[in-house]
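Encoded as structure tokens, the structure appears first; notes follow it.
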């Protein structure tokens, strides 16, 4: 019997380290001979911390929302008496709804292996794909990737084989493989989970890519905000080197390959290839004109191939199972599976991997369980600051590169943030423009100034100072920013505004013309009131009000003094549900 | 010329000159002559000093033989780098999309009111710095904050304040224990 605990960033934040301590204490106290294995994220973030009991026959019981107290119960009931504690179980042999709709390729080992033990990885066939690739010709490797139809998972969806082939064809004694792990989209955490949960699959993917293009050095450009991921990748590199999967004469061949980590320093624009290269070279991460493409002129002027984490994690699977097996999944133009980070107002938030072509509805409702508190779905944001908001009427859209593009959003790296009726779409557009405006590197005037002007207009609208003509002006600037920007950041920065204008124009008009925020989110446009007929004068709201602007005698209806109200919403939240005396409009 | 701000700059400068530059010796020895190492050197310097004092930036420029303007340009380009000292505890308050739609703004308001500082500022006692960040990647626990590497979520204004109160309590105990 074995105990497995999910120690990804999410798990740790939810208290998994305390759970591990409690488990170890219980084992010591009972004098049991049990292994405790740590693992990465299985994706059920909504149930963290997670604890698996794996019986000798392989039967697995997964407990969710585990606390130190629950650990005690599990030990007393399940381990001692052999009776699983039903009420805390979230999955058993029969997978739950969240897991059953998934097909795991990139995430095949996440939440199963200990990412800090290379043997766990090799036991599941790890590094066999590299061995196989080295026995093939470089062209044959690229051909296999071509058959698989794998496209870049970082956002743009460019065919991976094409990039590899371009870098292979460019002559040069030195070439580089770069893994883009600068996952900057707010609302996306796929790459973090892969790096934390299965770092070797990325290293193996890089080594295979290195073999295919003729590179001997790989660099992982990772976000400094992901300390745990960096820690685990470094351990993985050291272990792989020790075992000879990295280094000189890999598998007895002439192929040499080494990998090092370079920490990013926080700049969204560095997701763009040429900006990333500038950053690797110690410069400000500013993009340059293409061509020449990195495949011709990249890191230090050498042919460089840049792939995203998830793309690389797919590669070993494709080499082992064959390109056909990968291409058998998905749609005609979007093959294979895609990992999504489900977040926002969703019941079962977490990491999911599904075959391309599943509808948004299936992902959100069948896997994600629908909207929190069963509120009304309003939109799903895809593609982060470069993407857009997809409305309810388009929920049947299949999730593939082209269909999502047709809605005005983009597939992006896989962030799916679900929004409900209480989310203001103008505020969402403002939120993203605030982000892109801060992250614009400043090189192109249209992007630098255009995003700033758009943000100002959106801020005005949210503050109730919108004017007739604002919508047209937004559209005009959006077009100019798209046309006049060199890189993807500027070219896509207006997307959140354009999609919300396209699908939620009425909300903009309500803000501008009626000075109302239909979702009751924009502080300047809302008022909190206490219904004197419903208020029993319990005084809870007055106690909770941070500025003390609620007055009233005991057991008498209270009143909010509007001139002092900061609209924090505490009163609405505190008012006992049996009274429901506070309203907002 | 000769205005009070100049005086201020001078005082500030003197204060910063006190940064012990010898701490950097090892880092510079390792990376000197290595092309493209500026970002890494700045990261290591920030680990050593907690922030990047002007004197340190100048010293790095001199030692790596790059223009001071370039060092300053790189240091101000990336959000990771700080040119001002930070508190013992740095709160990274996530303002990612998932946190935003789940009410991160209310958390921010509550923390700001409690600590009487704005995002980017440090409490007068030098204990806590509040910084807004774009995304910590713990979206399913939204809203989230991270304090010195430890993530907390899902937060409510009350829970965030409790965590901060715990920090103060912990500090008090440390102080008393030390005496």
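The values are calculated or read from the model by the stated rules, or taken from the named source; none is laboratory data. Being a predicted model, the structure only gives us computed values, none of them experimental. Neighbour counts are summed over all protein chains in view; Cβ atoms, including those assigned to glycine, are modelled from backbone coordinates with ideal geometry.
In this structure, is residue A:304 touching a strand residue (DSSP E or B) at 6+ places or on another chain (Cβ under 9 Å), surrounded by 20 or more Cβ atoms within 10 Å (Cβ to Cβ) and closer than 17 Å to residue A:198 by Cα? Answer is no for this residue. Within the stretch A:359-366, identify whether any single residue is assigned to a strand (DSSP E or B) and over 19 Å from residue A:47 (Cα atoms), and answer yes or no. Checked against the condition, which is being assigned to a strand (DSSP E or B) and over 19 Å from residue A:47 (Cα atoms), the stretch A:359-366 yields at least one hit. Considering the stretch A:1-20, the residues that are touching a residue at least 12 places away in the same chain (Cβ under 8 Å) and out of contact with any helix residue (DSSP H, G or I) (no Cβ under 7 Å at 6 or more places or on another chain) include one that is farthest from the other protein chains (Cβ to nearest Cβ), namely A:1.
Residues that are within 22 Å of the chain's Cα centre (by Cα) and in contact (Cβ under 8 Å) with a residue 40 or more places away in the chain within the stretch B:156-173 comprise B:160, B:161, B:164, B:167, B:168, B:171, listed in sequence order. Within the stretch B:61-89, being within 11 Å of chain A (Cβ to nearest Cβ) and touching a strand residue (DSSP E or B) at 6+ places or on another chain (Cβ under 8 Å) holds for one residue alone: B:79.
Checking each residue in the stretch A:279-301 for being buried (at least 21 other Cβ atoms within 10 Å of the Cβ) and part of a helix (DSSP H, G or I) picks out A:279, A:280, A:299. Annotation for the stretch A:65-74: at least one member residue is within 14 Å of another protein chain (Cβ to nearest Cβ) and either buried (at least 19 other Cβ atoms within 10 Å of the Cβ) or in contact with a helix residue (DSSP H, G or I) (Cβ under 9 Å, 6 or more places away or on another chain) (or both).
Considering B:136, B:92, which residue is within 11 Å of chain A (Cβ to nearest Cβ), surrounded by fewer than 24 Cβ atoms within 10 Å (Cβ to Cβ) and in contact with a strand residue (DSSP E or B) (Cβ under 6 Å, 6 or more places away or on another chain)? Break it down into steps so the answer makes sense when it comes.
Working: B:136 fails: surrounded by fewer than 24 Cβ atoms within 10 Å (Cβ to Cβ).
Step by step, each of B:136, B:92 is checked, and only B:92 is within 11 Å of chain A (Cβ to nearest Cβ), surrounded by fewer than 24 Cβ atoms within 10 Å (Cβ to Cβ) and in contact with a strand residue (DSSP E or B) (Cβ under 6 Å, 6 or more places away or on another chain).
A residue that is loosely packed, with under 14 Cβ neighbours inside 10 Å, away from every other protein chain (no Cβ under 13 Å) and either at pLDDT below 90 or at negative phi (or both) can be found somewhere in the stretch A:539-551. Residues of the stretch B:25-62 that are on the phi < 0 side of the Ramachandran plot and in a loop (DSSP other than H, G, I, E, B): B:32, B:34, B:35, B:37, B:51, B:52, B:53. Among the residues of the stretch B:29-46, those identified as more than 11 Å from chain A (Cβ to nearest Cβ) and surrounded by fewer than 19 Cβ atoms within 10 Å (Cβ to Cβ) are B:29, B:30, B:32, B:33. Once the stretch B:139-155 is narrowed to residues that are within 7 Å of chain A (Cβ to nearest Cβ) and without any contact (Cβ under 8 Å) to a residue 12 or more places away in the chain, the residue that is surrounded by the most Cβ atoms within 10 Å (Cβ to Cβ) is B:152. If you take the residues of the stretch A:325-368 that are under 29 Å from residue B:102 (Cα atoms), more than 14 Å from chain B (Cβ to nearest Cβ) and touching a helix residue (DSSP H, G or I) at 6+ places or on another chain (Cβ under 7 Å), which of them is surrounded by the most Cβ atoms within 10 Å (Cβ to Cβ)? Per the criteria, the residue is A:354.
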